[in-house]
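The values are calculated or read from the model by the stated rules, or taken from the named source; none is laboratory data. Quick caveat: nothing in here was measured; it's all calculated off a predicted structure. Every residue, glycine as well, gets a Cβ built from its backbone with ideal geometry; the counts of neighbours run over all protein chains shown.
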Amino acid sequence: MNHIDSYYVRTRSAAPERPPLHGEHNVDVCVIGAGLAGLNTTLELAERGQSVLLLEANRVGFGASGRNGGFIGAGYSQGLDWLTKRVGLDHTQALHALSRKAVATVSDRIERHGIDCGPNTQGVLVSSWIDDPDGIRRYIDGMARDFDVPLEFVPRGRVRDEFADSPRYFDGWLNNASFQFHPLNYCLGIAAAAETSGAKIAEGTPVTGLEVEAAEKQIVTPHALVRARHVVLACGGYDLGVLPEVSGAILPVSTYVMATAPVSENVLAGTIKKPICLADTRDAGDYYRVLPDGRILWGGRMTVRAGDPPRLGYEMLGDLTKVHPQLADHVSCETVWRGTMSYARHRMPQVGRLRDGVWYAQAFGGSGMGTTTVAGDVLGSAIAEGDDRYRLFEPFGLTWAGGPVGRIAAQTTYWSYQVRDWLTARRDHKRRAAASGQQAA
């Protein structure tokens, strides 16, 4: 199956079509799923001298890894306050350090392997939808004190004049350690790097059977049999249930990205003034960036439905113009697409060992592409060298996600985020209106 239509597919680098696997094969490690979790694990193992075979049912980067908003930054879907309460500050600091290292690794691989996945402009600005400068400063201070992360406070006037002019935005913070990339081209570049290091990748090769109880694992595909000492399941939201203990622990959740037609430079100059990554503080917020050709790449929304919602492009344009109403007469939707991510109930990545020789890497939804590099790092070193850093993720294990009931709960949770965002903004508006009235009196 070919990639679905998207801006990334229309602008991807040339890449070979890898034939389906045939025959019998014996390897050290078989990795299942050629999204970034599987690709990074494959590269880490190949660089450590392991014989690795990566199986992909469709194409390299077919799923969410090749369709996302293209933001690279440290952190996880769960907030650091939640993590600290759950596992303690030292453990949380170790997890965050892994994600910061991953951001540096992505940057290094782009340069070292000559991956054409630009622009790689640095910086992400997160703007608040409520007037709470003291709260932002407390957050910045906490990140510096506890996690050694330097963030810059950006007052509302500077947000408007230098970055993005929106009536919705108040103050914000700037993280210059984050950057952007073309996710599909990065996937293709990591695949090529893994092959250069000795790995083999087979596309169009779905796994139809899996025997993992014996020391020698057997992986069955329509035309091949693979024997391996280790198997890594990295299928994400596209897991077809070949190992229910793993697939039952995640919920497939769809999010959406839109690319507009090019917007004139004059219009953009008065609206979105820097081509960095932009986001906001809402629980159900949007994220976006301006591309070199003047297109706006806009991401947001979430659903557990399998297909695309009706009038998706129209709805995404409505989200954009709610933030930037001055663009209403200047933007049109050129293409819109969805990516299916995997989420765990605890909203943390699931990375670890199920039993001897059986490993998993999934549930990266909301945590960003950097965490797939974390997974490759800790699993590659665990399998090849016996490193136990993967145990940092043991508190976030394979909790059953609830099946169909879990999907309903996930959709309800997202709707509750939207309601909470609305109520928070409404309370802030009333507070500011009351304060203004008192000053006038």
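Against the test of being in a loop (DSSP other than H, G, I, E, B), farther than 14 Å from Ile190 by Cβ and in contact with a Leu (Cβ under 8 Å, 6 or more places away or on another chain), the options Leu21, Leu53 yield a single qualifying residue, Leu21.
Of the residues making up region 211-224, those that are over 16 Å from Val31 (Cβ atoms) and of a type in the set (A, V, I, L, M) are Ala214, Ala215. Filtered by the rule that a residue be under 19 Å from Arg160 (Cα atoms) and either among the acidic types (Asp, Glu) or out of contact with any Ser or Thr (no Cβ under 8 Å at 6 or more places or on another chain) (or both), region 290-330 gives Val290, Asp319, Thr321, Lys322, Pro325.
Across region 211-223, the qualifying residues are those that are touching a residue at least 12 places away in the same chain (Cβ under 8 Å) and not in a strand (DSSP E or B), and the one among them that is farthest from Leu354 (Cα to Cα) is His223. With respect to the conditions (1) among the hydroxyl-bearing types (Ser, Thr, Tyr); (2) buried (at least 19 other Cβ atoms within 10 Å of the Cβ); (3) farther than 29 Å from Pro349 by Cα, Ser264 falls short on a single one, namely (2).
His330 meets each of the listed conditions (1) modelled with pLDDT under 95; (2) at negative phi; (3) part of a loop (DSSP other than H, G, I, E, B) apart from (1).
Look at Thr303 and say whether it is of a type in the set (Ser, Thr, Tyr), at pLDDT below 95 and within 18 Å of the chain's Cα centre (by Cα). Write out each step before concluding.
Details: of a type in the set (Ser, Thr, Tyr): yes; at pLDDT below 95: yes; within 18 Å of the chain's Cα centre (by Cα): yes.
Criteria met by Thr303.
Among the residues of region 375-388, those identified as buried (at least 24 other Cβ atoms within 10 Å of the Cβ) and either of a type in the set (Gly, Ala, Ser) or not assigned by TED's automatic domain parsing to the domain that holds Ile72 (or both) are Ala375, Gly376, Gly380. So which residues in region 1-47 are within 21 Å of Val231 (Cβ to Cβ) and without any contact (Cβ under 8 Å) to a residue 60 or more places away in the chain, if there are any at all? Those that are within 21 Å of Val231 (Cβ to Cβ) and without any contact (Cβ under 8 Å) to a residue 60 or more places away in the chain: none in region 1-47. Take Thr205 and tell me if it is crowded, with 22+ Cβ neighbours inside 10 Å and modelled with pLDDT of 95 or more. So Thr205 fits the description; yes. The listed residues are Thr372, Thr399, and the only one of them that is crowded, with 20+ Cβ neighbours inside 10 Å and in contact (Cβ under 8 Å) with a residue 24 or more places away in the chain turns out to be Thr372.
When only residues in region 107-117 that are of a type outside the set (D, E, K, R) and either farther than 15 Å from Phe179 by Cβ or part of a helix (DSSP H, G or I) (or both) count, which is nearest to the chain's Cα centre (by Cα)?
Applying the first criterion (of a type outside the set (D, E, K, R)) to region 107-117 yields 107, 110, 113-115, 117.
Adding the requirement that they be either farther than 15 Å from Phe179 by Cβ or part of a helix (DSSP H, G or I) (or both) leaves 107, 110, 113-114.
Details: Ser107: 16, Ile110: 17, His113: 22, Gly114: 22 Å.
Per the stated criteria, the residue is Ser107.
Considering only region 365-384, I want to know if a residue exists there that is in contact with a Pro (Cβ under 6 Å, 6 or more places away or on another chain), small (Gly, Ala, Ser) and in a loop (DSSP other than H, G, I, E, B). Reasoning before the result, please.
Residues of region 365-384 that are in contact with a Pro (Cβ under 6 Å, 6 or more places away or on another chain), as a first pass: 367, 371.
Restricting the remaining residues to those that are small (Gly, Ala, Ser) gives 367.
Next, only the ones that are in a loop (DSSP other than H, G, I, E, B) stay: 367.
Yes, the conditions are met somewhere in region 365-384.
Applying the criterion of being in a strand (DSSP E or B) and of a type outside the set (A, V, I, L, M, F, W, C) to the residues of region 345-364, the residue that is surrounded by the fewest Cβ atoms within 10 Å (Cβ to Cβ) is Arg355.
For the subset of region 118-138 comprising residues that are under 17 Å from Ala177 (Cα atoms) and buried (at least 18 other Cβ atoms within 10 Å of the Cβ), which member is farthest from the chain's Cα centre (by Cα)? Step through it out loud before you land on a result.
Our first condition is that a residue be under 17 Å from Ala177 (Cα atoms); within region 118-138, this holds for 118-127.
Within this subset, residues satisfying the condition of being buried (at least 18 other Cβ atoms within 10 Å of the Cβ) are 123-127.
Numbers: Gly123: 17, Val124: 15, Leu125: 17, Val126: 17, Ser127: 20 Å.
Per the stated criteria, the residue is Ser127.
Selection within region 236-253: residues that are touching a Phe, Trp or Tyr at 6+ places or on another chain (Cβ under 9 Å) and in a loop (DSSP other than H, G, I, E, B). The member of this set that is surrounded by the most Cβ atoms within 10 Å (Cβ to Cβ) is Ile250. Looking at (1) in a loop (DSSP other than H, G, I, E, B); (2) more than 26 Å from Leu392 (Cα to Cα), which is the one condition that is false for Ala74? Failing condition for Ala74: (2). Residue pairs whose Cβ atoms lie under 7 Å apart, separated by 6 or more positions or on different chains, with the first residue in region 237-261 and under 20 Å from Ile408 (Cα atoms) and at pLDDT 90 or above and the second part of a strand (DSSP E or B) and among the basic types (Lys, Arg), are Thr255/Arg301; Thr255/Arg338; Tyr256/Arg301; Tyr256/Arg338.
Could you tell me whether region 170-177 includes any residue that is more than 26 Å from Asn68 (Cβ to Cβ) and either buried (at least 17 other Cβ atoms within 10 Å of the Cβ) or of a type outside the set (D, E, K, R) (or both)?
Looking only at region 170-177, we keep the residues that are more than 26 Å from Asn68 (Cβ to Cβ), and these are 170-171.
From what is left, the residues that are either buried (at least 17 other Cβ atoms within 10 Å of the Cβ) or of a type outside the set (D, E, K, R) (or both) are 170-171.
Scanning region 170-177, I find at least one residue that is more than 26 Å from Asn68 (Cβ to Cβ) and either buried (at least 17 other Cβ atoms within 10 Å of the Cβ) or of a type outside the set (D, E, K, R) (or both), so the answer is yes.
Confirm whether Thr399 is under 21 Å from the mean Cα position of the chain (by Cα) and either among the aliphatic types (A, V, I, L, M) or at pLDDT below 90 (or both). The answer is yes for Thr399.
Gly23 meets the conditions (1) buried (at least 19 other Cβ atoms within 10 Å of the Cβ); (2) modelled with pLDDT of 95 or more in every case but one. The failed one is (1).
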